[in-house]
Amino acid sequence: MELSTIKDAFDRVTKKQKLSCSKTQEAIDQIRQEIESVLDTLQSANNTDHELDYKTVLNELKASFLLIAPLSQMEGTQKELNVALTKYGKLLEKHFNPDISKAYRNIDIDRHTLNQIIANHFYHQGLFEIGDHFMSVVGEPESAAIMKFPFVEMYQILEAMQNQNLEPALNWASTNGDKLAQSGSDIVLKLHSMQFVKVLQNGSREEALHYARMHLSPFATSHMTDIQKLMGCLLWTGKLDRSPYHALLSPSNWDKLAEELKRQFCNLLGQSYNSPLSVTVAAGVQVLPPLLKFMNVMAGKKNEWQSMNQLPVPVELDREFQFHSIFVCPVSKEQATEDNPPMLMSCGHVLCKQSILKMSKNSTKVFKCPYCPFDIDAAQCKQLYF
Amino acid sequence: MDLDPRQYENLAVNDNDIHNIVLSYLIHNCYKESVESFIACTGAKQPTDYLEDMDKRKRIFHFALEGNALKAIELTEQLAKDILENNKDLQFDLLSLHFVELVCSRKCTEALEFAQTKLGPFGKEPKYMEKLEDFMALLAYKEPEKSPMFHLLSLEYRQQVADSLNRAILAHLNLPSYTAMERLIQQATVVRQCLSQEAGKDGPPFSLKDFLKS
């Protein structure tokens, strides 16, 4: 959610409040000075037995108060503060509308699936006790163990990494080396590089060299630059922190490596890096404001939307939430849907199903591809899955 | 080969000049026996002190070429102490030759020790960092000859370093770093290319190889 407008409004309120406070203080100080001045005059008159016209003194004090005009001084800034506060309140109401029912519709969700999604989120986050407790409460303790098991291993590895122990991670990497290589990951090299630096940091040059020959040389052709830098570190044994390679010792490298490992681990499990629940919530938070705005403006369209297959307004989501390609048919200029999927024609070009049915008169005749001179038989078109 | 319009074949060339050019080339490259034979055959004038310096240079050159860089350094310093002090690049190249020799002899611990003490200080200057990383990467391989940096183990690389050292010594002895022969060939090539462009010929550019064949 875009909170900068709220922050700006809040900053304006605090600014006005400070201004009002300082103006009030200023007026009080002026009044105090005038009173103190009069008291001094009265005091000195008492001490010297001078005759003093108290009425004149008090009239002068009254005149100076009128000149200072504390009320009108404070009134202006107080007014500005009240305006800013009112605006801020309205802005909060507008942005944090508690009634979101306009922007969603009730859909029958399979309770079992929903429970699985919630439990998966807990296990994904490493909150195993909460996950187990939740699964036993909803009466599905038997599926908990299956869901939990791979994440337990992952968090054991991550916990060891927090203590700068890479053994479990390296064991996992060597077991899954082929799969990781197939997916184009270089996590194995990153783990070995980190271990190499760790060995070197402990001051054993020969051990580090032996480690490099054992574990780094296989990557030399594909990751030459990395290997050169790591081998360059050997020149600075015992003083790596004062070397050109001191960045390799940065604690943030461990965090990055742990994040990368989690990403690759989830990838091998066929899971996303973030739990489906957290992705849904994050995407929902982005989508909700424009939908609420639309439903407020188009209050009467609520029933229409209930029967729609898609959102009533185009909603922009960040790239991180874009998981699938979108196909727009070049003939109908419409986006493909489940009912109207993209179809691959025998010539290699793609149109959506309805366009093909239209052009082939419901699959009764051969038609020409709009992009090339091929004759297309609708029966030979294959559905594409993005 | 087309004749040049400037009719250079009418120019008379003094035999002595040619002899001196050839002789300077032989001396430059320390071909001692060839120098002696050439002087005997042509009666060319014998340069002063050339033999003593040439002997020293020849030994240094050959030590560098064989990869015995420490001996080459020792003899160079005997000949002229400040040559290497004033030429950090050359000093680095010679030390790295010795490092390569240790790696090739599979003396890895020794190579590592040598690199840390002798090559390490160069790492403070960014221009040596990349080279240093290349050399250090050799250690990652049980068979460095099969590594992507195998060129550092080649005779060509040693030849390159030996040539640089030879030129530095010649410059120190107030002798030309490049032979007259090399300079003349370079100049002739440039002149021919310019003339060919000037004449506006569409044919291939001047080639020294083709010219020597004709």
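Of note:
- Top positive-direction residue, dipole computed over the protein assembly as shown with Cβ charges, set B:F135, A:T337, A:V199: A:T337
- Total formal charge among the other residues, if their Cβ is under 11 angstrom from that of A:E260, Lys/Arg +1 and Asp/Glu -1: +1
- Computed with a 1.4 Å probe over protein heavy atoms only, the accessible area of A:D226 comes to about 70 Å².
- Segment A:L92-A:Q125, length gained on full extension (0.36 nm per residue, minus Cα span): 8.7 nm
- Only Lys, Arg, Asp and Glu carry charge here, each on its Cβ (+1 for the first two, -1 for the last two); on that basis the protein assembly as shown has a dipole of about 1740 debye about its Cα centre.
- Rel. contact order, % - alpha carbon contacts under 8 angstrom, at least six apart, chain B: 20
- Among A:Y371, A:Y245, A:Y211, residue whose mean-square fluctuation peaks in a GNM of chain A (springs only between Cα atoms under 10 Å): A:Y371
- Most mobile listed residue (B:V190, B:V22, B:V35) in chain B, GNM with C-alpha springs under 10 Å: B:V190
- For the protein assembly as shown, calculated [θ]222 nm from helices alone, where every DSSP H run of n ≥ 4 adds -39500 (n - 2.57): -19500 deg cm²/dmol
- Sites A:R242 and B:T109 - FRET efficiency at Förster radius 22 Å, r taken between beta-carbons, to 0.05: 0.40
- Inter-chain shielding of A:224-234 (mean C-beta neighbours from other protein chains, 10 Å cut-off): 6
- At the listed q of 0.06, 0.08, 0.10, 0.12 Å⁻¹, the Debye profile of the protein assembly as shown, built from one uniform point per Cα, gives log10 I(q)/I(0) equal to -0.76, -0.95, -1.09, -1.27.
- Inter-part distance where the range B:159-214 and the range A:198-252 are each reduced to a Cα centre, Å: 44
- Structure remark: mean-square fluctuation, Gaussian network model of chain A, C-alpha springs under 10 Å; the largest value among A:F151, A:F374, A:F96 belongs to A:F374.
- Exposure rank, largest accessible area first [B:D210, A:D11; 1.4 Å]: B:D210, A:D11
- Legend: calculated FRET efficiency, B:F211 to B:D89, from the Cβ-Cβ distance at R0 = 45 Å, rounded to 0.05, equals 0.85.
- Spin-label model, B:T117/A:L71: points 7 Å from Cα along the beta carbon direction are separated by 9.4 nm.
- Total formal charge among the other residues, if their Cβ is under 15 angstrom from that of A:I118, Lys/Arg +1 and Asp/Glu -1: -2
- Counted charge near A:L39, where neighbours are those whose Cβ lies closer than 14 Å (Asp, Glu -1; Lys, Arg +1): -3
- In this simple spin-label model, placing a label point 7 Å from the Cα along the Cα-to-Cβ direction at both A:Q380 and A:L288 gives a separation of 5.3 nm.
- With R₀ set to 25 Å, the beta-carbon distance separating A:H112 from A:D318 gives a calculated FRET efficiency near 0.25.
- A:L291, A:L357, reordered so the largest accessible area comes first (probe 1.4 Å): A:L357, A:L291
- Projected label points at A:Y54 and A:D99, each 7 Å from Cα along the beta carbon direction, are separated by 6.5 nanometres.
- Residue (of A:V285, A:L384, A:G238) at the positive-pole extreme of chain A, dipole from beta-carbon charges: A:L384
- The mean count of C-beta atoms from other chains within 10 Å of the C-beta of residues in B:126-136, rounded to a whole number, is 4.
The values are calculated or read from the model by the stated rules, or taken from the named source; none is laboratory data. It should be emphasised that the depicted structure is a prediction, and the values quoted were computed from it without experimental measurement. Every residue, glycine among them, receives a Cβ derived from its backbone with ideal geometry; neighbour counts consider all protein chains shown. Just so you know, the surface numbers come from the protein's heavy atoms only, side chains and all, with ligands and any DNA or RNA stripped out. Shrake-Rupley method; radii C 1.70, N 1.55, O 1.52, S 1.80 Å.
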